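Quick notes on the structure that follows.
The values are calculated or read from the model by the stated rules, or taken from the named source; none is laboratory data. Small disclaimer: the values here were computed from a predicted structure and weren't measured. Every residue, glycine among them, receives a Cβ derived from its backbone with ideal geometry; neighbour counts consider all protein chains shown. Remember, those area values only see protein heavy atoms, side chains included, never the ligands or the DNA or RNA. Shrake-Rupley method; radii C 1.70, N 1.55, O 1.52, S 1.80 Å.
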Amino acid sequence: MKTILVPTDFSDNAKNALDFAIEIAKKHESKIFLVHTNHYDMAASSLPPELEAQQFMQLQKMTQHKLNDLQAEVNKQGVECKAL
């Protein structure tokens, strides 16, 4: 196992799964790919499309920032990690 894909929604359960993946990666000299998983329902919104798109872009930026923080944490533990 050279690559471990770790989905996250930034919950406590996802953090536990990431910690477990880190331990496996250390033992097998594997790398970790982090990917955010969450459902964003744009069809149910009553906002104008411009505001909806703006909110979605803000959500994407916030998510990427959180993924980058997790990536840095994993790298500090000696495991190669890439946030997708």
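What net charge is computed for the residues neighbouring SER30, neighbours being all others with C-beta under 9 Å from the C-beta of SER30, Lys and Arg scored +1, Asp and Glu -1?
Neighbourhood net charge equals +2.
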- For the chain, what does the equivalent ellipsoid look like in terms of its semi-axes, each the square root of 5 times an eigenvalue of the Cα gyration tensor, given largest first in whole Å? 31, 12, 9
- Query: Taking a probe of 1.4 Å, how large is the accessible area per residue of the chain, in Å²?
  - Reply: 71 Å²
- Task: Please give the FRET efficiency for THR3 paired with LEU59, using the beta carbon to beta carbon distance and R0 = 22 Å, rounded to the nearest 0.05.
- Result: 0.25
- Item | Check: the chain dipole with +1 on Lys, Arg Cβ and -1 on Asp, Glu Cβ, in debye | 400 debye
- Message: If DNA, RNA and ligands are ignored and the probe is 1.4 Å, what is the ranking of LEU47, LEU5 by accessible area, most exposed first?
- Response: LEU5, LEU47
- Helical mean residue ellipticity (222 nm; -39500 (n - 2.57) per DSSP H run of 4+; nearest 500) of the chain: -18500 deg cm²/dmol
- Query: For helix 12-28, what angle does its Cα long axis make with the longest principal axis of the chain, in degrees from 0 to 90 and rounded to 10?
  - Reply: 30 degrees
- Message: I'd like the orientation of helix 49-76 relative to the chain: the angle between its Cα long axis and the longest Cα principal axis, in ° from 0 to 90, rounded to 10.
- Response: 10 degrees
- Task: Identify the trypsin sites (Lys or Arg not before Pro) of the chain meeting these criteria: DSSP loop state and at most 11 other C-beta atoms within 10 Å of the C-beta.
- Result: LYS2
- Query: Can you give me the relative contact order of the chain as a percent, contacts being Cα pairs under 8 Å and 6 or more apart?
  - Reply: 35 percent
- Message: Just to be sure I understand: with springs between alpha-carbon atoms less than 10 Å apart, which residue in ALA72, ALA53, ALA25 has the highest mean-square fluctuation in the Gaussian network model of the chain?
- Response: ALA53
